[in-house]
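Have a look at the structure below before the remarks.
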């Protein structure tokens, strides 16, 4: 009898211990979706490499005055067109400016434009997507007609038109790229809210008399943030490349503000002899594009709910 009783006790203990270990895991507490996503993100080598690259570029941009070997205004005609050496690690340009210094400050310009333009796109696209997805009716109709008009024009051509009208400069470039980037975020926000507004937790909040705006901001938007974060991360390299392209065409950043795209354009006439003038700025653009793209792809895979 005692053996049978002890056997039952052992079975019951094992059956109770199993779900506790499943829910709490090794650490002894539940594993949140955020922790799972971070774990999946850091398990991807390319995502970690991209994070290191972007982190390095951000540090370079923030501490540019400390890292740069010379001042941005320094130009020595007697040292013009010098190949990479100990004194000038990446060489000098046609008027004796240090190429490394200009790349460091050009990276700062690219990141400022990338983050600011995408931030402006979020300020335009996400509220419009919230309004269209939450209100529906004529609001949705009006927003989607504007979106269709914007989609009809190629983004880079519309940005070129805006920059031609308003002129070059960092502020105008941010405005032009931001105005042409918000469409994707608006459509994504709208689609997410259309799928969420019929969920049970939204219906329960409505039945309790919670205002629609509070439901959207407090309950629906946080559940739609995962795809939005991925889209925002992938939009940053697109904005950086757009700025480089506009500066390459001569309608982007104006002198004396350094721009990687402008540096590549200025090196075209010297490229057969002074190869370094175009190679190193192009490499900096490629690193920025690669880093943010790897991070965006890693976030997309880490936040995929099918991985849970």
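The values are calculated or read from the model by the stated rules, or taken from the named source; none is laboratory data. From a predicted model like this one, the values you see are computed outputs, not experimental measurements. Cβ placement follows ideal geometry from the backbone for every residue including glycine, while neighbour counts extend to all protein chains displayed.
Details
- Any hit, the range 223-231, residues being over 30 Å from residue 194 (Cα atoms) and either in contact (Cβ under 8 Å) with a residue 24 or more places away in the chain or in a helix (DSSP H, G or I) (or both): no
- Selection within the range 76-107 - surrounded by fewer than 17 Cβ atoms within 10 Å (Cβ to Cβ), assigned to a loop (DSSP other than H, G, I, E, B) and at negative phi: 76, 80, 83, 84, 85, 86, 87, 89, 94, 95
- Residue check for residue 169: over 24 Å from the mean Cα position of the chain (by Cα) and at positive phi: no
For every residue, the table says whether it meets (1) over 21 Å from the mean Cα position of the chain (by Cα); (2) free of Cβ contacts under 8 Å to residues at least 40 places away in the same chain; (3) over 17 Å from residue 287 (Cβ atoms).
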position	(1), (2), (3)
43	no, yes, yes
51	no, no, no
66	yes, yes, yes
72	yes, no, yes
76	yes, yes, yes
80	yes, yes, yes
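- In the set (1) buried (at least 18 other Cβ atoms within 10 Å of the Cβ); (2) free of Cβ contacts under 8 Å to residues at least 24 places away in the same chain, residue 275 fails one condition alone, (1).
- When restricted to residues that are in a helix (DSSP H, G or I), modelled with pLDDT under 90 and crowded, with 18+ Cβ neighbours inside 10 Å, the range 164-179 contains 0.
- Within this structure, residue 237 passes the test of being surrounded by 21 or more Cβ atoms within 10 Å (Cβ to Cβ) and part of a helix (DSSP H, G or I).
- Residues of the range 240-253 that turn out to be surrounded by fewer than 23 Cβ atoms within 10 Å (Cβ to Cβ) and more than 19 Å from the chain's Cα centre (by Cα), as a count: 4
- All positions within the range 259-270 that are more than 22 Å from the chain's Cα centre (by Cα) and under 23 Å from residue 64 (Cα atoms): 262, 263, 264, 265, 266, 267
- Number of positions in the range 154-166 that are touching a residue at least 12 places away in the same chain (Cβ under 8 Å) and out of contact with any helix residue (DSSP H, G or I) (no Cβ under 8 Å at 6 or more places or on another chain): 1
- Extreme residue, surrounded by the most Cβ atoms within 10 Å (Cβ to Cβ), among residues of the range 124-149 that are under 25 Å from residue 237 (Cβ atoms) and in contact (Cβ under 8 Å) with a residue 12 or more places away in the chain: 129
- Residue under evaluation residue 110, criteria (1) surrounded by 15 or more Cβ atoms within 10 Å (Cβ to Cβ); (2) more than 30 Å from residue 76 (Cα to Cα), criterion not met: (2)
- Number of positions in the range 278-304 that are in contact (Cβ under 8 Å) with a residue 60 or more places away in the chain and closer than 30 Å to residue 224 by Cα: 16
- When 258, 281 are checked against the criterion of being part of a loop (DSSP other than H, G, I, E, B) and more than 22 Å from residue 187 (Cβ to Cβ), a single residue qualifies: 258.
- The listed residues are 20, 48, and the only one of them that is more than 30 Å from residue 270 (Cβ to Cβ), modelled with pLDDT of 90 or more and either in contact with a strand residue (DSSP E or B) (Cβ under 9 Å, 6 or more places away or on another chain) or not in a loop (DSSP other than H, G, I, E, B) (or both) turns out to be 48.
- Considering only residues in the range 198-212 that are in a helix (DSSP H, G or I) and without any contact (Cβ under 8 Å) to a residue 60 or more places away in the chain, the one that is nearest to residue 128 (Cα to Cα) turns out to be 202.
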